[in-house]
Amino acid sequence: MTIFTKIIEREIPADIVHEDDLCLAFHDVSPQAPTHVLLIPKKPIVSLDALTADDTAVAGHLLMMVPQVAAKLGLEQGYRTVVNTGEHGGQSVFHLHIHILGGRALSWPPG
């Protein structure tokens, strides 16, 4: 069980900004930008690499929710989305999640 599963099950508190039947979005506890939210599926999918054809609907739903969550957060001037995959990709929690970062101009490359 990951920390994200514990958040979904309300075993660990989180500052939730969106929830529906398929996903949950909450503020990152270690923000890398003025606004930093994580959007996760409620289904425990390890990473992008672990997606199967059965996950098509939830994966599509996550992508469709990104602009809605960004709008709720007031990120009209733009935002960055990041999905880290695997250890070398910087993934530290092995539950698929999309970082939504904004609130300032973001530079490139990130690191």
Next on the checklist: Around THR35, under 12 Å between beta carbons, what's the net of Lys plus Arg minus Asp minus Glu among the other residues?
Outcome noted: 0
Item to check | Within-15-Å neighbourhood charge of VAL46 [Cβ basis; K, R +1; D, E -1] | outcome: -2
Item to check | Of ASN84, PHE94, HIS61, farthest towards positive along the dipole that unit charges on Lys, Arg, Asp, Glu beta carbons give the chain | outcome: ASN84
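Send over a whole-number figure in Å² for the accessible area per residue of the chain, probe 1.4 Å. Walk me through the intermediate numbers first.
Numbers: 6610 Å² over 111 residues.
Heavy-atom SASA per residue in the chain reads 60 Å².
Where the accessible area of segment 59-111 is counted over protein heavy atoms with a 1.4 Å probe, how much of it, in %, is carbon and sulfur?
Details: 1840 of 3280 Å².
Carbon and sulfur: 56 percent of the exposed surface of segment 59-111.
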Next on the checklist: Output the 0 to 90 degree angle, nearest 10, between the alpha-carbon long axis of helix 56-72 and the longest principal axis computed from the alpha carbons of the chain.
Outcome noted: 30
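Under a Cβ-Cβ cut-off of 13 Å, what is the net charge of the residues other than ALA57 that fall near it, where Lys and Arg count +1 and Asp and Glu count -1? Kindly include the intermediate steps, with their values, before the conclusion.
Numbers: positive: LYS42, LYS43; negative: ASP20, ASP21, ASP54, ASP55.
Overall, the nearby charge balance is -2.
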Checklist outcome for this item: Which of (i) 52, 37, 25; (ii) 35, 29, 26; (iii) 31, 28, 27 is the computed Cα extents along the principal axes in Å? It is (ii)
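Only Lys, Arg, Asp and Glu count, each charged at its Cβ (+1, +1, -1, -1), so figure out the dipole size of segment 13-111 about its Cα centre, rounded to 20 debye. Before the final figure, lay out each step's value.
Details: 5 positive and 10 negative charges, 58 e Å.
Charge dipole, segment 13-111, about its Cα centre: 280 debye, nearest 20.
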Checklist entry - Gaussian network model of the chain, Cα springs within a sub-10 Å range: biggest mean-square fluctuation belongs to which of ALA50, ALA59, ALA14? => result ALA50
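The values are calculated or read from the model by the stated rules, or taken from the named source; none is laboratory data. Bear in mind the structure is a predicted one, so any value in this text is a computation, not a measurement. Glycine gets a Cβ as well: all are built from the backbone with ideal geometry, and neighbour counts include every protein chain shown. The area values use the complete protein model at the heavy-atom level, side chains included, leaving out ligands, DNA and RNA. Shrake-Rupley method; radii C 1.70, N 1.55, O 1.52, S 1.80 Å.
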